[in-house]
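**Q** Below you will find the structure I want to go over with you.
The values are calculated or read from the model by the stated rules, or taken from the named source; none is laboratory data. Keep in mind that this is a model prediction, so the values were computed, not measured. Note that we place each Cβ from the backbone using ideal geometry, even for glycine, and neighbour counts take in every protein chain shown. Please note that ligands, DNA and RNA were not included when accessible areas were found on the heavy atoms of the full protein model with its side chains. Shrake-Rupley method; radii C 1.70, N 1.55, O 1.52, S 1.80 Å.
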Amino acid sequence: MDVKGVLGCISFDGEWITITKTPVGPKPAPVRIRAADVTGSRYKPGNRLFHGYVQFLMPDSQPAPEKPTGSFGGGRPPYEDPYSLSIPRKSNDAAQKLIAAVEQARG
């Protein structure tokens, strides 16, 4: 199961979530997370004016806050957050399915 994001993608194979971001600067390594290790998830659907996001919450870190809505990337976590990805409106359905699959795999 894959979700195409604004600067990357998220894939889920039933056990592992892989977040791969398109590099801005040094090439970042993909982030792999076991679904069982996720403590929660946040999803904000994209609309015609703004991108949404998918964010996974981990026990070892605080979730990255949303940027203020007045900025270019407003209303979503910063690009540097390894556990989130901005999504366009056309990816809303795929993102909802991915979040549901991860929540089911968490138990």
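**Q** How far apart, in nanometres, would the label points at Ala101 and Asp13 be if each is projected 7 angstrom from Cα along the Cα-to-Cβ direction?
**A** 1.2
**Q** Still on this structure: Any idea of the accessible area per residue across the chain, 1.4 Å probe, to the nearest Å²? Each step should come with its number before you reach the end.
**A** Working: 6320 Å² over 107 residues.
With the other protein chains kept in place, the chain gives 59 Å² per residue.
**Q** Hey, can you grab everything whose amide H is under 5 Å from the amide H of Asp81? Only 5+ residues off in sequence or another chain; H modelled, so Pro and N-termini drop out.
**A** none
**Q** How much length, in nm to one decimal, is gained on full extension between Arg89 and Asp2, taken as 0.36 nm per residue of separation minus their Cα-Cα distance? Don't skip to the end; give the middle numbers.
**A** Values: separation 87, 0.36 × 87 = 31.32 nm, distance 1.50 nm.
Here the segment from Arg89 to Asp2 would lengthen by 29.8 nm.
**Q** Follow-up question, since we're still on this one. Counting only residues 5 or more places away or on other chains, whose amide H sits under 5 Å from the amide H of Ser41 once H atoms are built in the peptide plane?
**A** Those lying under 5 Å, H to H, from Ser41 are Leu57.
**Q** Counting only protein heavy atoms, what percent of the accessible surface of the chain is carbon or sulfur at a 1.4 Å probe? Write down the numbers at each step before the final one.
**A** On the way: 3510 of 6320 Å².
So the carbon and sulfur contribution to the accessible surface is 55 percent.
**Q** Once both labels are modelled 7 Å past Cα along the beta-carbon direction, what's the Ala29-Asn47 spacing in nm?
**A** Here the answer is 3.9 nm between the modelled labels.
**Q** Then there's this: When the helix-only estimate is applied to the chain (DSSP H runs of n ≥ 4, each -39,500 (n - 2.57), divided by the residue count), what is the mean residue ellipticity at 222 nm, nearest 500 deg cm²/dmol? Numbers along the way, then the final one.
**A** Working: 1 runs with 15 residues, N = 107.
Here the helix-only value at 222 nm equals -4500 deg cm²/dmol.
**Q** Can you give me the angle between helix 92-106 and the longest principal axis of the chain, using Cα atoms only, in degrees from 0 to 90, rounded to the nearest 10?
**A** 30
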